[in-house]
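Comments concern the structure below.
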Amino acid sequence: MAKFKHNNFLDTVNEVFSDAKQEGVMHLYAEGGTFTGRTIGVKGKKLFHFGTTGYLGLEQDSRLKAAAIDAIKRYGTQFPLSKSYISNPLYNRLEEKLTEMYQNPIIITKNSTLGHMGVIPNAVNDQDAIILDHQVHWSVQSAAKVLKNRSVPIDMIRHNDLNMLEDKLKLLANKRNKIWYMADGIYSMYGDFAPIQDLKSLSLKYPQLHLYIDDVHGMSWTGKNGTGYALSVLKELSENVLLFGTLSKTFGASGAVLVCSNKKMYQEIKTFGGPLTFSAQLEPASVAAATASADIHLSSEIYELQDDLRQRIQYFNSLLKQTDLPLIDQNNSPVFFIGTGMPKTGYNFVNRLMSEGYYVNLGIFPAVPVKNTGVRITISRHNEKEEIKGLVEAMVYHYPKALEDTYTDLFRVKKAFKLNTTLETMKPVKNLKIQLEDSILKVDKQLWNTYVGNHGVFDWEGLKFQESVFNGNTFKEHNWIFKYIIISDEENRPIIITYLTIALWKDDMLAKVSASKIIEEERKTNPYYLTSKVLSLGSLFTEGNHLYIDDKNPYKQQALDAFIQLVEQLELSCKATMTVLRDFPKQEPLHAYFQGQGFVRVQMPNACEINLGAYKTIEDYCSKLSSRNRKHLRKEILGIEPELHIEVCEQARKQQLQKMEVLFKKVHQNNLGLNTFSFPQVLFEAMAVHPNWEFITISPKNNPSKMIGVMFCYKNGNHSYVPAFIGMDYSNLDKYYTYRQLLYQTIKRAICLNFKYINMGMTASFEKRKLGAVVEEKYAYIQTSDNYTLELMGILE
């Protein structure tokens, strides 16, 4: 298997958002000449609004509106100067009131995104480190990652996993000054809370720990003077905490606010805070509206508003408890998340609710993992009990219909969110026969080789070989579980045939080399640090099209749905953290289907194959190469070939095998870009005696006992020749062009054996193209309930 390409983030998000837009649930425009907050116009209909983040409804308060109108009349629509020069006359009063609210120095920012961009690079020194909760808001993550340019280590933990946080604190304690943990106070999708009290205790245990809390969704609706959830738990702001609040959302105006009790840091940020210095200041209307809101926050009225909202939240919670709707996190925040699992179920459910007169938000990747799509519902003071009850009744009615429309069920949704880990036997599917086996020996050889096994190292004999090697070994990473799926119609015509493996992967297997280097240092004493079980189409030993589908069979869709449910059942039973369906072409017909099932598509390295066609000799083959490539061939391969001793070993002797293994390990250790566990010793011994394996070795002619390169080749029947693995001595790479020579000798050998194809694998496509390989883009579909793993891979960078 080969390395995934990085920086797929924008492409992946674009694909997911485009689907949601096409389904009519995102990138909508509100309609209407007025807006009250209780209803919102969408697609020609007036809908009850359950998507606002103005929880207290202050954006519609007459005092805020009057203050904004008066400010525009007196000061204009903007004050077009940087605050570094001069602030508009209204700023001073707002700063005084916010300082009174928080009882600490504050800095007003244009919005929280610009605020983070200004504050984080200023507060974090080059000798510090950053640890991110993997669900902390994108604006915090984006601002933090800028510090990679200053070599500040940036790590991540799974959501609210304090054990993982403490492990990383221990790792960094002797290497860094301050260790910043960055998290939300209230998370914007599930409405769940950061464990502030536990974080406070942890910071007492580890004085280096500093907290950076984005509490914009905890603002106003809770806490003394509406200063938010985080401060309500902390009670007072110590110097190791930076707190961000908002002047928009439920505060009712615009802008954001940083609260900082460290006077030195406060002065540094206020004096020069990047975007805080150069970006435009808040408009007079926004400052005036925020000041009017601050007056309310400083009065007893804020507690009346909080209590009013609290009653609505409690009412909604009480209604939900009487239903089977999968509420993902039960709490007393105004944010609720009803899980749908698959995106297509989410699209269906949102559209159904809009047709009933209720506007809600779709929670989708990257805000949540793709398989954890759902509907985000927010409760505000605009919502009356009548429509709150109506919304619950509509959800109770439409939720099972959305599941039915998208061929899923509540059990699958709960599995996706880990709300139910009970194993359930898969029910029989009408018109289909489903065969699930744990060994290729239980699968008909002719059937397998006809439909799946005509390329790669996964013909029937190749899989029998893999099962014998990756079983009964000392180390758990060398023991794989094989699963074979055959789905046929009632007339025994196969519709889907494939195999999967369950194996231990390094979480950073597909990450950038720089990340793997750091992690490997920890693995010297903790070898299973950041490792997980993965359910994968094919295995780490194979590349190619592992999935046969009969597109013409009338029961294809039913078979696909059954296949996905079977995969989910396998993932749950083996406790895998991720499912990977791999080696698909760019124009994959199943792309929309996989994405709708909760998979993220990421690009893999290009696949390479050579069609040898009717070529009888290597000379005939080389004559088809371009003149430029023939020039390279003559100089770097044919010109060097007379200096080399080249041998094909169909059965390697013990001494030869030892040399081959050493060369293989050199390549493996040098390839952190594909950071896998090593293979077991028994693999090489099994290869040496297996009739389908042979070895092409290269040595200097003047020193034939000094092996400098080896290609491990598999013979798949009479169809394809597979150079599966390579070993090289890097000290001779430039002198003998070892890699290119091995590729050339592989082609030469395949022609000699009359093979029709060479499956050249996915690495070094540039080199293989020069020798005539056809290159094709390949993609994988990844499903996980944890975006942390995708982040570690580099997919979300």
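The values are calculated or read from the model by the stated rules, or taken from the named source; none is laboratory data. Computed from a prediction, not measured in an experiment: that's the story for all the values here. A quick note on method: Cβ atoms are made from the backbone with ideal geometry, for glycine too, and the neighbour counts reach across all protein chains shown. Surface accessibility is based on the protein's heavy atoms, side chains included, excluding ligands, DNA and RNA. Shrake-Rupley method; radii C 1.70, N 1.55, O 1.52, S 1.80 Å.
What percentage of the solvent-accessible surface of the chain, computed with a 1.4 Å probe over protein heavy atoms, is contributed by carbon and sulfur atoms?
On the way: 16660 of 33320 Å².
Accessible surface attributable to carbon and sulfur in the chain totals 50 percent.
What's the FRET efficiency of Ala686 with Ala614 using the Cβ-Cβ distance as r and R₀ = 41 Å, to the nearest 0.05?
Numbers: r = 35 Å, r/R0 = 0.85.
About 0.75, to the nearest 0.05.
Roughly how many debye, to the nearest 20, is the charge dipole of the range 54-208 about its Cα centre, given +1 on each Lys and Arg Cβ, -1 on each Asp and Glu Cβ, and no other charges?
Values: 19 positive and 16 negative charges, 97 e Å.
For this selection, approximately 460 debye.
Name the residues whose placed amide hydrogens come within less than 5 Å of the amide hydrogen of Lys433, ignoring near sequence neighbours (fewer than 5 apart) on the same chain.
Counting only residues 5 or more places away or on other chains, the set is Ser488, Asp489.
Under a point-charge model restricted to the Cβ atoms of Lys and Arg (+1) and Asp and Glu (-1), what is the dipole moment magnitude of the chain relative to its Cα centre, in debye to the nearest 20?
On the way: 92 positive and 85 negative charges, 357 e Å.
About 1720 debye.
Taking a threshold of 20 Å on the Cα-Cα distance, which of the pairs Lys200/Lys264; Lys46/Lys385; Lys442/Lys483; Lys178/Lys264 fall above it?
Numbers: Lys200/Lys264 22 Å; Lys46/Lys385 18 Å; Lys442/Lys483 11 Å; Lys178/Lys264 15 Å.
Correct reply: Lys200/Lys264.
Please name whichever of Tyr190, Leu258, Met219 sits farthest to the positive end of the charge dipole of the range 131-272, dipole taken about the Cα centre and charges placed at Cβ: Lys and Arg +1, Asp and Glu -1.
Of Tyr190, Leu258, Met219, it is Leu258.
Could you list which residues have their amide H under 5 Å from that of Ile157, counting only those 5 or more apart in sequence or on another chain, with H placed in the peptide plane?
Under 5 Å from the amide H of Ile157: Leu132, Asp133, His134.
Just to verify a number: FRET efficiency for Val13 and Lys148, C-beta to C-beta distance, R0 = 25 Å, to 0.05?
The formula returns an efficiency of 0.75 here.
With the cut-off at 19 Å, tell me which of the pairs Lys415/Lys533; Lys145/Lys418; Lys170/Lys533 have Cα atoms farther apart than that. Mind showing how you got there, number by number?
On the way: Lys415/Lys533 17 Å; Lys145/Lys418 30 Å; Lys170/Lys533 25 Å.
Pairs exceeding the cut-off: Lys145/Lys418; Lys170/Lys533.
Please name which of Met687, Leu403, Ile130 has its Cα lying farthest along the dipole of the chain towards the positive end, using unit charges on Cβ (Lys, Arg +1; Asp, Glu -1) and the Cα centre as origin.
Met687
Would you please put 55-64, 260-269 in order of how densely packed they are, using the mean number of other Cβ atoms within 10 angstrom per residue and starting with the highest?
On the way: 55-64: 20.5, 260-269: 16.9.
Result, highest mean Cβ count within 10 Å first: 55-64, 260-269.
Can you spot the aspartates and glutamates whose alpha carbon is less than 20 Å from Lys586's alpha carbon? Ignore those fewer than 8 places along the same chain.
Asp11, Glu15, Asp19, Glu543, Asp550, Asp551, Glu609, Glu776, Glu777
What residues of the range 64-101 lie in the reach of a label at Asp295, counting those whose backbone N is under 11 Å from a point 7 Å from the Cα along Cα→Cβ?
Residues 64-68 fall inside that zone.
What span do the alpha-carbon atoms of the range 60-201 cover on each of the three principal axes, reported in whole Å from largest to smallest?
Result, largest extent first: 57, 33, 26 Å.
At 7 Å along Cα-to-Cβ for each site, give me the label-to-label distance between Glu166 and Ser623 in nm.
Rounded to a tenth, the inter-label distance reads 7.4 nm.
Keeping every protein chain present and rolling a 1.4 Å probe, give me the accessible area per residue for the chain in Å². Present the calculation step by step, with values, prior to reporting the outcome.
Working: 33320 Å² over 797 residues.
Accessible surface, normalised per residue, equals 42 Å².
Add -39500 (n - 2.57) for each DSSP H run of 4 or more in the chain, then divide by its residues: what number comes out at 222 nm, to the nearest 500 deg cm²/dmol?
Taken over the chain, the calculation gives -11000 deg cm²/dmol.
Checking the cross-link filter: which aspartates and glutamates have an alpha carbon closer than 15 Å to that of Lys97, excluding same-chain neighbours under 8 positions apart?
Asp295
At 7 Å along Cα-to-Cβ for each site, give me the label-to-label distance between Glu776 and Cys574 in nm.
It works out to 2.5 nm between the two label points.
Whole number please: convex hull volume per residue, Cα atoms of the range 247-303, in Å³. Mind showing how you got there, number by number?
Values: hull volume 5.6 nm³, N = 57.
Spread over its residues, the Cα hull of the range 247-303 gives 98 Å³ apiece.
Roughly how much of Cys649 is accessible, in Å² to the nearest 10, using a 1.4 Å probe?
Using a 1.4 Å probe on the heavy atoms, I get roughly 10 Å².
Give me the extension gain from Lys464 to Lys556: residue separation times 0.36 nm, minus the current Cα-Cα distance, reported in nm with one decimal.
On the way: separation 92, 0.36 × 92 = 33.12 nm, distance 2.85 nm.
Roughly 30.3 nm would be gained on extension.
Assign unit charges at the C-beta atoms only (+1 for Lys and Arg, -1 for Asp and Glu), then state the dipole size of the range 487-617 relative to its Cα centre in Debye, rounded to the nearest 20.
Values: 14 positive and 17 negative charges, 92 e Å.
Using only the charged Cβ atoms, the result is roughly 440 debye.
Which listed residue (Tyr55, Gly598, Asn331) has the Cα farthest towards the positive end of the charge dipole for the chain, taking +1 on Lys and Arg C-beta and -1 on Asp and Glu C-beta about the Cα centre?
Result: Gly598, furthest along the dipole toward the positive end.
Let me cross-check Asp550: its accessible surface, 1.4 Å probe, with only protein heavy atoms counted, in Å² to the nearest 10?
That residue has around 40 Å² of solvent-accessible surface.
If you plug each phi of the range 676-686 into the Karplus form 6.51 cos²θ - 1.76 cosθ + 1.60 with θ = phi - 60°, what whole-Hz ³J(HN,Hα) values come out, in order, with x for Gly and Pro?
10, 5, 5, 8, x, 4, 5, 4, 5, 5, 5
Taking only the alpha-carbon atoms of the chain, what semi-axes of the equivalent ellipsoid follow from 5 times the gyration tensor eigenvalues under a square root, in whole Å, largest first? Working shown, then result.
On the way: eigenvalues 623, 208, 103 Å².
Each semi-axis is the square root of five times an eigenvalue, giving 56, 32, 23 Å.
When you have a sec, figure out the Kirkwood radius of the range 28-127 from all distinct Cα pair distances and drop it here in Å to one decimal? Please list the in-between numbers first.
Working: mean 1/r = 0.0578 Å⁻¹.
The answer is 17.3 Å.
Going by amide H atoms built from the backbone, whose H comes under 5 Å of the H on Met604, apart from near neighbours?
Here the answer is Lys5, Lys778, Tyr779, Ala780, since their amide H atoms fall under 5 Å of that of Met604.
Which whole-Hz ³J(HN,Hα) couplings does the range 317-331 yield from phi under the Karplus relation 6.51 cos²θ - 1.76 cosθ + 1.60, θ = phi - 60°, glycine and proline marked x?
These are the phi-based 3J(HN,Hα) values: 4, 5, 5, 4, 4, 8, 10, 9, 4, x, 6, 6, 9, 8, 7 Hz.
Over its Cα atoms, what ratio of radius of gyration to 2.2 N^0.38 Å does the range 268-342 give?
Numbers: Rg = 19.8 Å, N = 75, 2.2 N^0.38 = 11.3 Å.
Here the answer is 1.74, to two decimals.
Using θ = phi - 60° and the Karplus curve 6.51 cos²θ - 1.76 cosθ + 1.60, what whole-Hz ³J(HN,Hα) does each residue of the range 731-736 get, with Gly and Pro shown as x?
Working through the residues one at a time gives 5, 10, 4, 6, 5, 10 Hz.
Once the Cβ-Cβ distance between Asp438 and Glu239 is put in as r, and R0 is 56 Å, what FRET efficiency do you end up with, to the nearest 0.05?
Values: r = 59 Å, r/R0 = 1.05.
Efficiency at R0 = 56 Å is approximately 0.45.
Report Thr746's accessible area, 1.4 Å probe, all protein chains in place, as a number in Å² to the nearest 10.
That residue has around 0 Å² of solvent-accessible surface.
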